[in-house]
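> My questions will all concern the structure given below.
The values are calculated or read from the model by the stated rules, or taken from the named source; none is laboratory data. Please read all numbers here as calculations on a predicted model, not as lab measurements. Positions of Cβ are generated from backbone atoms using ideal geometry, with glycine treated the same way; all protein chains shown enter the neighbour counts.
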Amino acid sequence: MSKHSARVMAVVLGVLLCGASIGDTAALAGSSREIQEQGRAMVRDAEEMVMHGGMGDGHAILHHCAEIAKQAQAILKALPSADAHGKEAAPHLQDAIKHCKRVAEMGDKVDPGASLNPAVKARAAVKEAMKHLLAMKDGGA
């Protein structure tokens, strides 16, 4: 593994581990519109990740999965604690982070088919979370 690849892996793992440790802490809640917009960006990354995985681009899988993890962590921080739909989205966001952590552990040098399985699971978790995020309304539901 080259020094650059090792550095990229260290950064990705650091982001994932940092986010996992702060994902459960209370933070200022964002508006549902902002959360939904971030969710849409997360879904786009998930779709691109799986598309690139189907073309055999392991580096792109790793990149998009790291973006998904960052977006999921930001959404978890911004979710209003009183919103039922937000509470329902949280476990799916945590699943997406977990699957992307697995992709990061594999790295971009493995067969893209091997990292595609957790990438597809991350995409499914993102899509399920997005269903709940879209049901959110400002002021709680």
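> Considering segment 82-117 alone, what residues qualify as being in a helix (DSSP H, G or I) and β-branched (Val, Ile, Thr)? Spell out the reasoning first.
To start, the set of residues in segment 82-117 that are in a helix (DSSP H, G or I) comprises 84-106, 112-117.
Matches in segment 82-117: 97, 103.
> Within segment 83-90, is there a residue that is farther than 14 Å from residue 38 by Cβ and either among the polar types (S, T, N, Q) or within 10 Å of the chain's Cα centre (by Cα) (or both)?
For segment 83-90, residues farther than 14 Å from residue 38 by Cβ and either among the polar types (S, T, N, Q) or within 10 Å of the chain's Cα centre (by Cα) (or both): absent.
> Turning to a different aspect of this structure: Within segment 101-130, which residues are within 20 Å of residue 37 (Cβ to Cβ), of a type outside the set (Gly, Ala, Ser) and in contact (Cβ under 8 Å) with a residue 40 or more places away in the chain?
Residues of segment 101-130 that are within 20 Å of residue 37 (Cβ to Cβ), as a first pass: 122-123, 125-130.
Among the residues that remain, those that are also of a type outside the set (Gly, Ala, Ser) are: 123, 126-128, 130.
Those that are within 20 Å of residue 37 (Cβ to Cβ), of a type outside the set (Gly, Ala, Ser) and in contact (Cβ under 8 Å) with a residue 40 or more places away in the chain: 123, 126, 127, 130.
> Is it the case, given these coordinates, that residue 71 is crowded, with 22+ Cβ neighbours inside 10 Å, at pLDDT 55 or above, of a type outside the set (A, V, I, L, M) and in a helix (DSSP H, G or I)? Please lay out each step first, then the result.
On the way: crowded, with 22+ Cβ neighbours inside 10 Å: yes; at pLDDT 55 or above: yes; of a type outside the set (A, V, I, L, M): yes; in a helix (DSSP H, G or I): yes.
Criteria met by residue 71.
So that you can scan it fast, the table gives a plain yes or no per residue for (1) buried (at least 19 other Cβ atoms within 10 Å of the Cβ); (2) of a type in the set (A, V, I, L, M); (3) under 11 Å from the mean Cα position of the chain (by Cα); (4) modelled with pLDDT of 90 or more:
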site	(1), (2), (3), (4)
37	no, no, no, yes
46	yes, yes, yes, yes
81	no, no, no, no
114	no, yes, no, yes
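> Here are some conditions: (1) surrounded by fewer than 21 Cβ atoms within 10 Å (Cβ to Cβ); (2) of a type outside the set (Ser, Thr, Tyr); (3) within 8 Å of the chain's Cα centre (by Cα). Residue 100 meets all but one. Which one does it not meet?
Failing condition for residue 100: (1).
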